[in-house]
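Undergrad: Before anything else, here's the structure in question.
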Amino acid sequence: MPPTSHRDLMAACLWALAAVLAVLFVDNTLIRIIICAPLLLFLTGHAALRALGPIGGSPPERVVYAVGASIAISLVGGYLLNWIGYLTPLGWALWLAAVTVLATVIALHRHPNPAAVPAPSGLPVFRIWHATVLGIAILVTYGAYGMAVRDEAGQRQFKYTELWMLPGAPAAPGNLVIGIKSAEAEPRHFDVEVRLDGTTVALWRSIAVEPGATWTRELAVAPREGRPQKAEALLYQPVGNALYRRVSTIIPGA
């Protein structure tokens with residue numbers, strides 16, 4: 001018997017609103033999953049198919065269509081949210097809710113008579129192998145999610161030890177401030193050399209810097225009369241005397 005209202009679409013919109021509220025105000029991950037999973041895996045695709053028009057086939061086939069449409073919408077949403085930098089739980093909830101509401105509006109506009117949309121004749125028989133396949137799918141999904149969370153938690157952006165050299169105050173333009181900030185995983189020793197127009201004017205050897213610590217020194221350099229000078233700071237690793245970092249600045253002439 002055909003439906004006499006668009007109650008299914010109204011229910012999908014209310015569920016979408018509940019999913020957004022759950023992400024905003026509920027910190028419990030399990031409750032979030034219970035509320036958001038139907039929207040992610042079925043309701044959004046169902047609303048999108050209703051917006052397209054009557055879909056033929058048996059009730060199980062229509063369910064499969066809705067699940068497939070939901071997955072496709074989620075894939076598109078993932079690319080879009082990543083592009084705009086909003087790939088977060090709230091971003092996902094807003095995306096799915098927006099698609100569901102938009103599909104409902106289109107369905108109500110295109111098909112104001114709900115009798116034109118066939119209703120399921122009855123629920124399919126849920127057999128043991130159905131439950132087995134569903135359980136395997138859930139395990140695979142949660143396993144992939146868990147691996148993604150673990151990889152994200154274990155990811156470490158590339159870090160490097162910083163070296164800088166800055167001019168002093170305007171009243172003393174010849175003064176230079178040289179600094180090191182260690183991003184190493186363990187204490188390290190460094191050598192720092194300062195050159196002025198290619199000539200070494202300062203050298204610090206075996207500077208011990210703890211992880212995350214900062215070392216600074218101030219060096220007074222007399223401005224040259226008439227023309228600027230180029231100052232360079234070089235950071236070496238004592239083992240092998242390997243050059244690690246190089247920075248430079250210009251000292252204006254007097």
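Throughout, read-outs are computed from the coordinates displayed, never taken from laboratory work. Computed from a prediction, not measured in an experiment: that's the story for all the values here. When we count neighbours, we look across all protein chains shown, and the Cβ atoms used for this are built from the backbone with ideal geometry, even at glycine.
Rundown of residues vs (1) loosely packed, with under 12 Cβ neighbours inside 10 Å; (2) touching a residue at least 40 places away in the same chain (Cβ under 8 Å); (3) under 11 Å from Leu163 (Cβ atoms), yes/no style:
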site	(1), (2), (3)
Thr200	yes, no, no
Pro211	no, no, no
Gln229	no, no, no
Asn241	yes, yes, no
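Undergrad: Then there's this: Test of understanding: among Leu49, Leu39, Leu14, which residue is under 19 Å from Ile106 (Cα atoms), assigned to a helix (DSSP H, G or I) and touching a Leu at 6+ places or on another chain (Cβ under 6 Å)?
TA: Leu39
Undergrad: Taking region 75-101 only, how many residues are part of a helix (DSSP H, G or I) and either aromatic (Phe, Trp, Tyr) or in contact (Cβ under 8 Å) with a residue 24 or more places away in the chain (or both)?
TA: Residues that pass the stated criteria total 13.
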